[in-house]
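A short write-up of the structure that comes next.
The values are calculated or read from the model by the stated rules, or taken from the named source; none is laboratory data. Note that the structure is a prediction, hence the values are computed from the model and not measured. In this analysis, Cβ positions are derived from the backbone assuming ideal geometry, glycine residues included, and neighbour counts consider all displayed protein chains. Accessible surface is based on the protein model in full, side chains and every heavy atom, while ligands, DNA and RNA are left aside. Shrake-Rupley method; radii C 1.70, N 1.55, O 1.52, S 1.80 Å.
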Amino acid sequence: MKKIILANWKLNPLTLTEALRLSKKIDPKPFHETVVCPPHLFLSHKLYPKMGAQDCFWLSQGPYTGQVSPVMLKNLKIKYCLVGHSERRTLGESEEDVKKKVQALLTVGITPVLCIGFNTTVNQDDLEVVNVLKGQLKSALQGLEEVNLQKIVVAYEPVWAISSGNPYATKKLATPEHASKIALFIKTKFNIKKVIYGGSVNAVNAEGFLQESHVDGLLVGGASLIPADFNKIINTKV
Ligand code: PGA
């Protein structure tokens, strides 16, 4: 079954030459729908058939130094945009900012990939985890009509699993079964159609997550910078 896999390059690589070199090594016709999300600076170069952004501002135009407008992204034919990634929340992005970005992207017709997750400060049991996620979802999705809710992709990423090299930081959480359970919860409680999983997904563990029927795809950071590994992930048939 075909799923969606997003490559989150984060703050890599340092030059356009390297970005071009890296993107050329990614299979352009993989089994799964694949989206490359490079730094904003490289978005105007057609690095890959489907491209996504890592963030955007909520207003279209005006005196907002350093911001990138959702309309600019739309004009570059960008299909997806991450919103509320934990690394941005750590830098001060608020729930209110996240909500405004989701709405702005829907207005211009870009699919928001709303990132949610819980931190190590949260008691690592299912009930606590679900409560944190519920709070983030309620805030980000507040006031949206059902037709819009169904256009959103939610990326569930346990914060401690991101870039940790170990998605199985605890035996119980962040296993494919846990990801599936949380995905089902998000779909049934919030009318979301697609939930993907992220946090130290790699060429070895990707298959387990992709095999879960409620997990609709993956958000891949570190492993998306290693072409051989990423090609394996995007061509994993499930
Ligand atoms: P990681 O990053 O795969 O390197 O853990 C995932 C993400 O931050 O989206």
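Assorted remarks:
- Amide H partners (placed H, <5 Å) of ILE4, local residues excluded: GLY217, LEU218
- When a 1.4 Å probe is rolled over the protein heavy atoms, the share of accessible surface on the chain that falls to carbon and sulfur comes to 55 percent.
- Residues SER213 and SER139, FRET efficiency given R0 of 30 Å [Cβ-Cβ distance, rounded to 0.05]: 0.60
- As a length-normalised measure over Cα pairs under 8 Å and 6 or more apart, the relative contact order of the chain settles at 21 percent.
- Amide H contacts of ILE152: LYS193, each under 5 Å away and 5 or more positions distant or on a separate chain (H built 1.01 Å from N in the peptide plane; Pro and chain starts excluded).
- The range 12-56 shape via C-alpha gyration tensor axes, a/c threshold 1.5: oblate
- Taking each DSSP H run with n ≥ 4 as -39500 (n - 2.57) and averaging over every residue of the chain yields -10000 deg cm²/dmol at 222 nm.
- Global geometry of the range 184-238, whether rounded, prolate or oblate, following the gyration tensor of its Cα atoms and the 1.5 cut on a/c: prolate
- If the Kirkwood radius is taken over C-alpha pairs of the chain, then at 25 °C and 0.890 mPa s the Stokes-Einstein diffusion coefficient equals 138 µm²/s.
- Pairwise centroid distance, computed over Cα atoms, of the range 24-45 with the range 96-111, Å: 22 Å
- Taken one residue at a time, the phi angles of the range 77-90 give Karplus couplings (6.51, -1.76, 1.60, θ = phi - 60°) of 6, 6, 9, 10, 9, 5, 9, x, 4, 4, 5, 7, 4, 4 Hz. Gly and Pro are set to x.
- For the range 35-138: rounded, prolate or oblate by the Cα gyration tensor [a/c cutoff 1.5]: prolate
- In the chain, a dipole from Cβ-located charges (positive for Lys and Arg, negative for Asp and Glu) runs towards its positive end, and of PRO28, THR188, THR175 it is PRO28 whose Cα lies farthest in that direction.
- Under-5 Å amide H pairs with HIS85, H placed in peptide plane, nonlocal only: CYS115
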